[in-house]
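Visitor: Could you have a look at this structure, given as structure tokens, before my questions?
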Amino acid sequence: MPGLIRRNDIDEVRARVNIADVVGDYVTLKGAGVGSLKGLCPFHDERSPSFHVRPQVGRYHCFGCGEDGDVFTFLQRMDHMSFSEAVERMAAKIGLELHYEDGGQANADHGNRARILAANQAAADFFVAQLGAPEAEPGRRFLGERGFDPSAAQRFGVGFAPKSFSALGTHLKSLGFSETELVTAGLLSQGDRGAYDRFRGRLVWPIRDVTGQTLGFGARKLLDDDQGPKYLNTPETPVYHKSSVLYGLDLAKRDISRGKQVVVVEGYTDVMACHLAGVTTAVATCGTSFGVDHIKVVRRVLGDVANADTRGLGEVVFTFDPDDAGQKAASRAFSEEQRFAAQTFVAVAPDGLDPCDLRLARGDDAVRRLILSKKPMFEFMVRRVLDAHDLDTVEGRVAALRASAPVIGGIRDQALSIGYVRTLARWLGMDPDEVGRAVRAARAAGDDAGRSTSGTGASRDTREPDRARSGAPGRYGDSRPGDAGARDSRPGDSRPLDSDSGFASDPDAAERGMSISDLPGDLGTRLERDALMAILQHPESVDRSLAERAMRVPYANGSLAMVRDGIVSSLDHWAARDWLDRVIEATPPPFSSLVKELGVAPIPIKDTAELPAYSSSVASALIDRDLKRRKAEVLGRLQRVDGIAEPAKSRELQQELVQIERDRRILREE
């Protein structure tokens, strides 16, 4: 077994990998200021982006849940791998050969997860190769009858599993995979007589994650003597979790992010048909209904943000079959609709055709028109309720109102709710006021039911930092008069931390770690914070001698003073590629968490060209503040000195004043 990976190799991988590229495979990132990107946090459910990435410092931080780390930490958390596996994956990505402390080299077959992924990829290659074999004629015929030629099969990686209990297992074992690994990967099933191929005589689709790695497979029955289900999927494995994977997401993610639209269909062939018809944002669930975990995945890729500027810009379009199963799927999707900030729609093809059959019967243009003819989810659900009642009778209309009022009552958007009240009144031929009263009563009943089941626990605040945190930098907002915890800056006051670090007002801060949100919003604290952010994130933009002077002045805020001390003790590593990590290590907990936040929080400038001037200005302002403090002290002492009785002392203080003013003038000139 190899030993630990050499530190130099780890640092080299970290420096050469762009963390934004890696995170961008999982989260849609947008600009958030100079050198900063943000998106919806992949580690907790939120409606506004609080997850920030700074490629230059190689770190990410979520201001909502506190998750923080570098590219290796991100992969460990997202893909449930070890640190060594994360380093080795990134090393393979950039083509760097790793070395271990014992002199060995990186083993390409590292880790259980990596072995499963490698086995899945080898199986995918095997299935694709088998699609051209004589035995696969039923599979090729199935594809051809549904309008898919060989190039389409190749584009989607469709393959064929031979009708054999051992063909796949024998092949993979010849490549060095053990039976235990293949059973763990879900490629073999375990029976009384041993392990055997799980997929036999079936057409096979690879199910990949957003990075293109094969996590599992979906297989369609072809042969009459196959007694298994119509579709058979990979079971739950260390890498395959059906509740959070979407077929086609690897192919659709970029167009979803660019076009702000995702189309959710019901089957693998529907995804193929949509993509081939030009609807390249289509995805499908894999053997399960569209659920909460799927919504989280889609929202991250879609960049589904809930705020006044972007509300409703994205689109989620569901296609449902008109049969009972399709209607149940529609109801399930509607029950989770409010988890989206984007607008939700339903598209139902004429004659009840799914996208694959629609393309086959009427061509690619019909599939595109299907998506264009989408109807809002609320309208679809209300009309579905109304269709179940006889609107030609008074009793039927009253029953329809009672059944549809809760649907409209569940709409969060007040303007949209009012609009649907008027529309429902028109459909029912009733007075809008009467419909409005029914909707308000249904909403009140729903609120009462929610309160009775919600318990007393307070939910975690996951709002965007600029609304949730008064002490965060730049656009995060400022403390207002009367804010609890806001204090005037006292230049030169470096009192014990308990009196000025935020711990006194928030005893839990010492246990959970300090945060930007714990800082007061007064001008003095903001200046100290901004100077530290510039030096932590962009040390190359500040003259080192100027930065050192700024780091040796007294700080009014005790927590920021601890960060300053960590910087001072790390000056030997100034502007090194692991500069921020060195400062984090040098700063004792609970203040190291504050360093992590300061190291990724957006700097309030619009253009990179402004960075040197901005960084120098905040450092200079901090020094000038200290010079003014010293000037005030000297003036006070001079007023207390009797110039006649103590002429020498008076001259000394006057000379000190002249020197302070000279230092301030030089600082301004520099």
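Visitor: Pop a pseudo-label 7 angstrom from the Cα along the beta-carbon direction at both Q56 and D293 and give the gap in nm to one decimal.
Guide: The modelled label-to-label distance comes out at 3.9 nm.
Visitor: List every residue whose amide H lies under 5 Å from the amide H of L40, counting only residues 5 or more places away in sequence or on a different chain, with H placed 1.01 Å from N in the peptide plane.
Guide: Amide H neighbours of L40: T28.
Visitor: At 1.4 Å probe size, what's the solvent-accessible area of L276? Round to the nearest 10 Å².
Guide: Number for this one is 50 Å².
Visitor: In region 181-230, what percent of the accessible surface is made up of carbon and sulfur (1.4 Å probe, ligands and nucleic acids excluded)?
Guide: 38
Visitor: Using a 7 Å offset from the Cα along the Cα-to-Cβ direction at both D387 and E135, what is the distance between the two label points in nm, to one decimal?
Guide: Here the modelled spin labels are 4.5 nm apart.
Visitor: Rank L428, L251 by accessible area, highest first, at a 1.4 Å probe radius?
Guide: Numbers: L428 5, L251 75 Å².
The ranking, largest first, comes out as L251, L428.
Visitor: Could I ask something else about it? Stretched out fully, how many nm does the piece from N18 to K375 gain, at 0.36 nm a residue minus the Cα gap?
Guide: 124.4 nm
Visitor: How large is ³J(HN,Hα), in whole Hz, for each residue of region 657-667 in order, when computed from phi with the Karplus curve 6.51 cos²θ - 1.76 cosθ + 1.60 and θ = phi - 60°, using x for Gly and Pro?
Guide: 5, 4, 5, 4, 5, 5, 5, 5, 5, 5, 4
Visitor: Next question. On a 1.4 Å probe surface of the protein chains, which of F51, F43 comes out largest in accessible area, and what is the full order?
Guide: The most accessible residue leads, giving F43, F51.
Visitor: On the full set of protein chains, 1.4 Å probe, figure out the accessible area of D149 and give it in Å² to the nearest 10.
Guide: Near enough 80 Å² of accessible area.
Visitor: On to the next question. Could you list which residues have their amide H under 5 Å from that of F217, counting only those 5 or more apart in sequence or on another chain, with H placed in the peptide plane?
Guide: I207, T234
Visitor: On full extension of the chain, what length is gained from L638 through R440, given 0.36 nm per residue of separation minus the C-alpha to C-alpha distance?
Guide: Gain on extension, L638 to R440, equals 64.0 nm.
Visitor: Calculate, for A648 and A576, the FRET efficiency according to 1/(1 + (r/R0)^6) with r their C-beta to C-beta distance and R0 56 Å; round to the nearest 0.05.
Guide: 0.70
Visitor: With the other protein chains left in place, how much accessible area per residue, in square angstrom, belongs to region 574-654 at a 1.4 angstrom probe?
Guide: Spelled out: the 1.4 Å probe surface of region 574-654, per residue, equals 50 Å².
Visitor: Now, a different point. Using the heavy atoms of the protein chains alone and a 1.4 angstrom probe, what is the accessible area of region 1-69 per residue in square angstrom?
Guide: Normalised by residue count, the accessible surface of region 1-69 is 36 Å².
Visitor: Could you look at region 510-624 and say what percent of its accessible area is carbon and sulfur, using a 1.4 Å probe and all protein chains?
Guide: Using a 1.4 Å probe with all protein chains present, region 510-624 comes out at 51 percent carbon and sulfur.
Visitor: Assuming R0 = 25 Å, what is the FRET efficiency of L223 and Q154, from their Cβ-Cβ distance, to the nearest 0.05? Show your work: numbers first, answer last.
Guide: On the way: r = 23 Å, r/R0 = 0.93.
After rounding, the FRET efficiency stands at 0.60.
Visitor: Please give, to one decimal in nm, the separation of the simple spin-label points placed at L627 and T170, each 7 Å out from Cα toward the Cβ.
Guide: The two pseudo-label positions are separated by 8.5 nm.
Visitor: How much accessible surface area, in Å² rounded to 10, belongs to the heavy atoms of R7 with a 1.4 Å probe?
Guide: Per-residue accessible area (R7): approximately 120 Å².
The values are calculated or read from the model by the stated rules, or taken from the named source; none is laboratory data. This is a predicted model, so every value here is computed, not measured. Positions of Cβ are backbone-derived with ideal geometry, glycine not excepted, and every protein chain shown enters the neighbour counts. Areas reflect the complete protein model, heavy atoms only, side chains present, ligands, DNA and RNA absent. Shrake-Rupley method; radii C 1.70, N 1.55, O 1.52, S 1.80 Å.
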